Each structure stands twice: as structure tokens, then as C-alpha cells.
């Protein structure tokens, strides 16, 4: 298991207030005075070990759930016609800047040494939309041409034709990674970035 991913997942876990309260009450009940503290120290240690075990199990489950996975694309007759990479939201990050009526999007692969990212020579946006601050979609089903992947990053450009000054949200739902002589691989998830014109 990737230690960095485990650390990030552990950092996102929050212990419910009821659980914290039960632990405090349990510790207070098992150690009402100094003599009892010495006798009940093994019980407290066991309780703490049990809580840590539960948290580690939850973090492992969370890390597994957050990881993307490969999925066969199956035609109606049951034939496998390709492969896709699903739930990759935690694997990529977006940043962007506006220049000359275009949105320059930088896609960063957080795990560039792992498949499928280690195989990509080019990356493109397969499907995205842009919404204004009221949530109204102003551009939909926008895609880009492929851009080279260098050091785990790709620089993509989206035209912003017809958009007036204001704040917008870019939402990408599909990237497409490709390598020469291989079938393009759809990478799905949900990535958002706010920008201003």
C-alpha cells in the first residue's frame, strides 16, 4: 500500500463525537483513582490498541475505495470491446489560467509511475462543461485534442468563446490517455476548478 495515500486518507478520517465521548467515559470509569489506574492500565492500553486497529482498517478501506480501477467495456452481446479506468478523481489534479480567450488547464498525475498513468504519452479532455456561478451551464460536452504528457503533467487548452467576464467552474468528467499503437483509455472521475475571466 502506498504510504502517502494512506497518510492522506488517514488525515481525512474524523472520529465521530459519540465515539470520542464513549472512549473518554470508558477511560474515566476504568481508572477512578491512582490504584485503579495501575490495575486498569492494561485495559486502557487494549482499548487504545483496539481504537487504533479500527481506524487503520477504516483508512485501508477508504484508501481502497478512493483508488481508481480498471473496468472492461462490454458490448450488449457480452463481447469485451475495450477497457476504461474508473473513479480516478483522487489520482489527478487540475489547475488553470485564462489567457487570450482560452483556458490553459494543467493536469497533474499524482501517481505518474503507476499504471495506467505510467503508460500515457498523451492526454486529452474527453468531456467537460463550464458553468457560471449561478450553476447555469454555459459550455457543455467540450473536449480538447491530445497534448503530450511530460513529467506526469499535461497542458491542455480549452476555447472560451462567447463567455463574458465573471467567475466560472470547470467540471471535467472524462480524460482520455493514449500511447502510440495502443487503444485510447478513458479515465473517468469528477474534477473541478474555479476560474475568472
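Throughout, read-outs are computed from the coordinates displayed, never taken from laboratory work. The structure displayed is predicted, hence computed values, not measured ones. All Cβ positions, glycine included, derive from the backbone under ideal geometry; neighbour counts span all protein chains shown.
Figure legend: label point modelled 7 angstrom from the Cα of residue 183 along Cα→Cβ; residues of segment 76-93 with amide N under 17 Å from it are 76-86.
Each residue in 188, 118 was given a count of other beta-carbon atoms within 10 angstrom of its own, and listing them fewest first yields 118, 188. Counting other Cβ atoms within 10 Å as a rough exposure proxy, the listed residues 70, 195, 120 run 70, 195, 120 from fewest neighbours to most.
As a proxy for reagent exposure, 73, 150, 158 were ordered by neighbouring Cβ count within 10 angstrom, fewest first; the result is 150, 73, 158.
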